[in-house]
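Student: Quick one: this structure, given as C-alpha cells, is what I'll be asking you about.
The values are calculated or read from the model by the stated rules, or taken from the named source; none is laboratory data. In this text the structure is predicted, and so the values were computed from the model without any measurement. Every residue, glycine among them, receives a Cβ derived from its backbone with ideal geometry; neighbour counts consider all protein chains shown.
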C-alpha cells in the first residue's frame, strides 16, 4: 500500500569521452549498446572496481565482517564488534585491514555508509520518534535534514511468513542533502603514517545509482512481523497471524531505523586512485564528503604486492596459480542422449564453476568452498548468502546460486497467484525429488544461518542433476548462474544465462514484449555493470527471482516502473512514453492497482485500501488483490489516453 509522493534520488551523468576506455567497441551480443569498459574482467579493464562499506562507524567487508586498523596510525576504533546476525566462525581472528594490490588502479564503484538502531522505535503510535533519531542522533545528524518528510508508507508482504504477515516500512525523503547535485567525495589513499599517496575526487553525478526503490540511498523505519492495518492511517500494532504447522514461528515485532547512504555504478571509471608499487604495511582509504566537512570516513587497507599472492586458484591444467581480479560464472551440461536436445523424462547434469577474470577456477573442480571457508575469508573472494548484509546492513545484492528456467518463449509474467505455469519456472526435479522449482542457493539458507549442525563445513557441490518434466514444452531453456566476489578490494556481481534445448534443436526466442534498455544502459552503465550484473539482452531473467509468488517487496512489474519513474534522467514526456521500454501494445494494456500505482502512487487514493492488502502469494483464492485486472471492470473500454503506447 503506497500513500504518498515519490522522491527522486537517482542522478546520472554523461559518459566520459576519455580514450582510456574505448567506448566504440561492440559488446558482441544482440541488441546491446557499445561498451569499452567491463569491471568483471578486473585488471584487464585498466582499473578495478573498489567497494567501500561502513556500518555504524566501522568499515566492513561485503560479508559484514568488520575491518581492523592493523598497524596504521589511524583515528579509527580499536575494536569493532561483530553483528549478532553474523554466523559464528571457528576461532574468529582479530579483525584485519582489507587487502588491496599495489601497482594497481582502482576506481570507486560503490560507497555505502550505514547507521541503524534496532528495537528502539517499536511503538508505531509515536511516528516522530524515528525521524528524531535520524536527524539528531544518527552518525549523519550533521547533514542538512530540512525538508525531510514521509515519501512512502507501505505494508509489504513478509516473504517466508504466514499469509497476512507484513513489514510496515516508512521511507523518508525530500531532505536538502538528498536533493543536492553538486556535492563531491574525495577519496585519498594514505599510508600507515597518514601521508596521502594518491587521491581522486568524485561528484555525486558520477554515479548512476542512489535510488531508494533499488535499495541504495534510503532512510527508513520499519517494523515486522505485524498484521494488516484495519484502515488508512491505522497506528495500532496488530498481531501477525500464527500460521500453520508448516510455517516458521512468528516472533515478536522488532523495529529497525536506518540511514543508508550509497552511491554505486561509476560512470567515469577512468577516474582512478593509484596504489603505488612498493607500498607495504597498512594504510587506509580516507573519504571526505563536502556535505559533512567536519568528518572523514576511514577504510583500513593492507598493501599486498602481486608477487606475494599464494597460488590458491586453479589454472586450465588444474595446477595451482595466483588468483586475479574479476568474476566469470560458467555452466556446462552433460551431452543429450541424441546429441542435440533433452527429451521429457531424460535426466541431465549441470556443472557450475566460478572463474576469475583470467579464466582460473576459484575452487577445485568438484566442490565450491564450504560456508566456513567463505566466512573465514578462504574462498578466494567468492561470496555466499548470509543474513547480515540483507537484513541489518540493507545490501540486497547478497544471494548467489543457480536457477533453471524456460522455455524462453513462455518467459512472461503471471499476474495471478499460483500462475507458475505462465511464469516459466518449470517443475524440474532436483536430486530425484520434486522441488517445485529448480533453484539452488549457495550454499543453502539453512547452512547460512547455522541451522544444520556441521553443515557449514560441508563443501558445496558443483554438479547438479535435473530431470525434464514429462509435460515440458519444447524450446530453449537456460540455467542462470549468479555469483558474487570481493577480492583485494574489488566488489563485483555477475549473473549469466547458459542455454540448452528440450524437445527440439531449433532455438526459441524470448517474447520480446519489453526491451530497449541499451538506449540508456550502455558503456560503463551497461546493465551487466549494474546491480546483479545481468546482460541487457536477458532482462527476462529478472523474473527468475522478482516474480509475483516469491518476492513480495520487489516484483519486477512494480519495481522497474518505480525506479525509472523516480529517476531524474527522464522528462515528464519520456515518463509517459511507454513505448520507450514496451515493444508491444499488448504489454501496456493490463491495468492493476500495483502496476498503475508503480508510476502513479496516488491512483484511487484509499478507495481500494483492503484490496491492496490482500495476500498475493499462495494458491489463487479468486479474491481480487492489487494485481487483479482492472480492465475486466472499470477500464475495459477505454485504454489510457495520456500514455504513448506502441501502435501494435
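Student: Return the total of residues in the stretch 365-398 being touching a residue at least 60 places away in the same chain (Cβ under 8 Å) and out of contact with any helix residue (DSSP H, G or I) (no Cβ under 6 Å at 6 or more places or on another chain).
Tutor: The total comes to 22.
Student: Follow-up. Can you pull out every residue in the stretch 143-189 that is touching a strand residue (DSSP E or B) at 6+ places or on another chain (Cβ under 6 Å) and either outside any strand (DSSP E or B) or without any contact (Cβ under 8 Å) to a residue 12 or more places away in the chain (or both)?
Tutor: 148, 158, 161, 165, 174
Student: Sticking with this one: From the set of residues in the stretch 268-309 that are in contact with a helix residue (DSSP H, G or I) (Cβ under 6 Å, 6 or more places away or on another chain) and buried (at least 21 other Cβ atoms within 10 Å of the Cβ), which is farthest from residue 190 (Cα to Cα)?
Tutor: 268
Student: Against the definition (in contact (Cβ under 8 Å) with a residue 12 or more places away in the chain, part of a loop (DSSP other than H, G, I, E, B) and touching a strand residue (DSSP E or B) at 6+ places or on another chain (Cβ under 7 Å)), how does residue 263 come out, yes or no?
Tutor: no
Student: Related question: When you scan the stretch 604-643, how many residues do you find that are closer than 30 Å to residue 241 by Cβ, at pLDDT 75 or above and outside any helix (DSSP H, G or I)? Show your work before the answer.
Tutor: Keep residues of the stretch 604-643 that are closer than 30 Å to residue 241 by Cβ, which gives 604-630, 632-633.
Within this subset, residues satisfying the condition of being at pLDDT 75 or above are 604-614, 623-630.
Okay, now just the ones that are also outside any helix (DSSP H, G or I), so 604-608, 613-614, 623-629.
So the count comes out to 14.
Student: If you don't mind, there's one more thing I want to ask. Of all residues being touching a helix residue (DSSP H, G or I) at 6+ places or on another chain (Cβ under 8 Å) and not in a loop (DSSP other than H, G, I, E, B) in the stretch 399-411, which is surrounded by the most Cβ atoms within 10 Å (Cβ to Cβ)? Just the residue, please.
Tutor: Ranking the candidates gives 405 first.
Student: Mind checking which residues of the stretch 141-153 are closer than 26 Å to residue 602 by Cα and either at pLDDT 95 or above or surrounded by fewer than 20 Cβ atoms within 10 Å (Cβ to Cβ) (or both)?
Tutor: 145, 146, 147, 148, 149, 150, 153
Student: Limited to the stretch 109-139, what total is found for residues that are out of contact with any helix residue (DSSP H, G or I) (no Cβ under 8 Å at 6 or more places or on another chain), within 14 Å of residue 259 (Cβ to Cβ) and either without any contact (Cβ under 8 Å) to a residue 40 or more places away in the chain or part of a loop (DSSP other than H, G, I, E, B) (or both)?
Tutor: 6
Student: Report yes if residue 357 is under 25 Å from the mean Cα position of the chain (by Cα), at negative phi and assigned to a loop (DSSP other than H, G, I, E, B), otherwise no. Working first, answer last.
Tutor: Details: under 25 Å from the mean Cα position of the chain (by Cα): yes; at negative phi: yes; assigned to a loop (DSSP other than H, G, I, E, B): yes.
Criteria met by residue 357.
Student: Could you check residue 120 against (1) modelled with pLDDT of 95 or more; (2) in contact with a strand residue (DSSP E or B) (Cβ under 7 Å, 6 or more places away or on another chain); (3) buried (at least 20 other Cβ atoms within 10 Å of the Cβ) and say which number it fails?
Tutor: (3)
Student: Now for a different question. Working carefully through the options 401, 455, 431, 450, find the one that is at positive phi and modelled with pLDDT of 65 or more.
Tutor: Going through 401, 455, 431, 450 in turn, the sole match is 401.
Student: Moving on to the next point. Can you tell me how many residues in the stretch 195-219 are surrounded by fewer than 22 Cβ atoms within 10 Å (Cβ to Cβ) and within 21 Å of residue 131 (Cβ to Cβ)?
Tutor: Result for the stretch 195-219: 1.
Student: Got a sec? Which of 546, 564 is out of contact with any strand residue (DSSP E or B) (no Cβ under 8 Å at 6 or more places or on another chain), in a helix (DSSP H, G or I) and free of Cβ contacts under 8 Å to residues at least 24 places away in the same chain?
Tutor: Working: 546 fails: in a helix (DSSP H, G or I).
Exactly one of 546, 564 is out of contact with any strand residue (DSSP E or B) (no Cβ under 8 Å at 6 or more places or on another chain), in a helix (DSSP H, G or I) and free of Cβ contacts under 8 Å to residues at least 24 places away in the same chain, namely 564.
Student: Moving on to the next point. Find the residue count for the stretch 312-331, including only residues that are surrounded by fewer than 13 Cβ atoms within 10 Å (Cβ to Cβ), in contact with a strand residue (DSSP E or B) (Cβ under 9 Å, 6 or more places away or on another chain) and either over 25 Å from residue 360 (Cβ atoms) or free of Cβ contacts under 8 Å to residues at least 24 places away in the same chain (or both).
Tutor: The number of residues fulfilling the criteria is 1.
Student: Still on this structure: If I ask for residues that are assigned to a loop (DSSP other than H, G, I, E, B) and modelled with pLDDT of 95 or more, which ones from the stretch 77-107 would you list?
Tutor: Scanning the stretch 77-107 gives 97, 102, 103.
Student: Tell me, please, whether a residue that is assigned to a loop (DSSP other than H, G, I, E, B) and closer than 30 Å to residue 173 by Cβ can be found in the stretch 325-332.
Tutor: Within the stretch 325-332 (the criterion being assigned to a loop (DSSP other than H, G, I, E, B) and closer than 30 Å to residue 173 by Cβ), the answer is no, since none of the residues qualifies.
Student: Name the single residue, out of those in the stretch 60-82 being under 18 Å from residue 394 (Cα atoms) and touching a residue at least 24 places away in the same chain (Cβ under 8 Å), that is surrounded by the most Cβ atoms within 10 Å (Cβ to Cβ).
Tutor: In this case the residue turns out to be 60.
Student: Given the options 296, 220, name the one that is under 30 Å from residue 567 (Cα atoms), free of Cβ contacts under 8 Å to residues at least 40 places away in the same chain, touching a strand residue (DSSP E or B) at 6+ places or on another chain (Cβ under 8 Å) and not in a loop (DSSP other than H, G, I, E, B).
Tutor: Residue meeting the stated conditions: 296.
Student: Could you list, in sequence order, all residues of the stretch 516-569 that are surrounded by fewer than 21 Cβ atoms within 10 Å (Cβ to Cβ), modelled with pLDDT under 75 and under 24 Å from residue 217 (Cβ atoms)?
Tutor: 545, 546, 551, 552, 553, 554, 568, 569
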